[in-house]
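Notes follow the structure.
The values are calculated or read from the model by the stated rules, or taken from the named source; none is laboratory data. Just so it is clear, the model here is predicted, and its values are computed rather than measured. Note: ideal-geometry Cβ built from the backbone for every residue, glycine included; neighbour counts use all protein chains shown. These accessible areas exclude ligands, DNA and RNA; they are computed on the full protein's heavy atoms, side chains included. Shrake-Rupley method; radii C 1.70, N 1.55, O 1.52, S 1.80 Å.
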Amino acid sequence: MTDGLSVRDLAFSYGSKDALKGVSFDLPRGRFCALLGPNGAGKSTLVSLLTRLLVSPGGEISIAGQDLRRTPGRALARLGVVFQQPTLDLDLTVRQNLSYFAALHGLPRNGLPARIEAALRRLDMAERADEKVRALNGGHRRRTELARALLHEPQVLLLDEPTVGLDAASRAGIVAHVHDLAEQGLCVLWTTHLTDEVRDTDHLLVLHRGGILAEGSTGDIRGEQSLSDWFLQKTGGNA
Ligand code: ADP
């Protein structure tokens, strides 16, 4: 088990369809891990299990040392999540969206303005705090969601294909910001099907047909090939 995210023997089936088959990995804090897999590999199923939208019959998940099955409240309090679908209220300001989230999650009112300010500063969004989300571009909206996911100071950050729908510059900006967060000590699990979002120095988990096909440093895994060629050769780009 690590101080970040530990997954042991995780399996899940939809009826007779096996979506995950005995997945295990350990990610310490301070690590950026890209979870790469073609469509149908099982990424969404894994995200749903990690966030407890689904519950697996067996296996173990531990978030910053808390077992998700035995102490779900404590485990989820240590997890920040950015889902694929944006969930901001477009008619509220950036600051109001974060306050609303804080109230929903029972964060103490005492010190909340400073907490919001700090989270926005980490994403270079402090100067946009009083703008309505509707007025922001896609990249800034995503950064707002990231700041919101950090409000309760989680140790583990989970992002489900967070760059879907963003232009190239915004994508690069989000990728860079999240790497900074890992350097500051967060354990980051970034799911994607896009090889160009993965850096050679990133830890890489490749999910294929519900199992871990490869794990290690991206540079070591791809060897002399580009990651894109390696990935296509090993997975055909399909589940
Ligand atoms: P990914 O997110 O990597 O695209 P998913 O976790 O969505 O993969 O899917 C993994 C496998 O489980 C796929 O074969 C998919 O068709 C199947 N699957 C996903 N959701 C359901 C569902 N609700 N019912 C039946 N099969 C499903």
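Of note:
- Inter-label distance, nm, simple model (7 Å from Cα along the C-beta direction), residue 91/residue 70: 4.7
- Residue 19 sits among other residues whose Cβ lies under 14 Å from its own Cβ, and their net charge, with Lys and Arg +1 and Asp and Glu -1, is +3.
- Heavy atoms of residue 152: accessible area, 1.4 Å probe, square angstrom to 10: 40
- Modelled spin-label separation between residue 121 and residue 232, with each label point placed 7 Å from Cα along the Cα-to-Cβ direction: 4.6 nm.
- Per residue solvent-accessible surface (Å²) - the range 13-112, probe of 1.4 Å: 51
- Fraction of accessible area attributable to carbon and sulfur, the range 88-153 (%, probe 1.4 Å): 49
- Computed from phi, the 3J(HN,Hα) profile of the range 68-83 under the Karplus parametrisation 6.51, -1.76, 1.60 (θ = phi - 60°) reads 5, 7, 7, 10, x, x, 5, 5, 5, 5, 9, 10, x, 10, 10, 7 Hz, with x in place of Gly and Pro.
- Under 13 Å, Cβ to Cβ, from residue 47 - net charge with Lys/Arg +1 and Asp/Glu -1: 0
- Virtual spin-label span in nm between residue 2 and residue 167, 7 Å along Cα→Cβ: 3.6
- Scattering from the chain was approximated by placing one identical point on each alpha carbon and applying the Debye formula without solvent; log10 I(q)/I(0) at 0.09, 0.10, 0.11, 0.17 1/Å stands at -0.38, -0.47, -0.57, -1.29.
- Sum of side-chain charges, residue 8 neighbourhood, beta-carbon under 13 Å (Lys, Arg +1; Asp, Glu -1): -3
- Pairs of alpha carbons in the range 115-191 whose separation is greater than 22 Å (percent): 16
- For the chain: lysine pairs under 23 Å (alpha-carbon distance), excluding those fewer than 8 apart on one chain: 5
- Of all complete DSSP H helices in the chain, those with a Cα span along the helix axis of 20 Å or greater and a mean Kyte-Doolittle hydropathy of -1.0 or more are 168-183.
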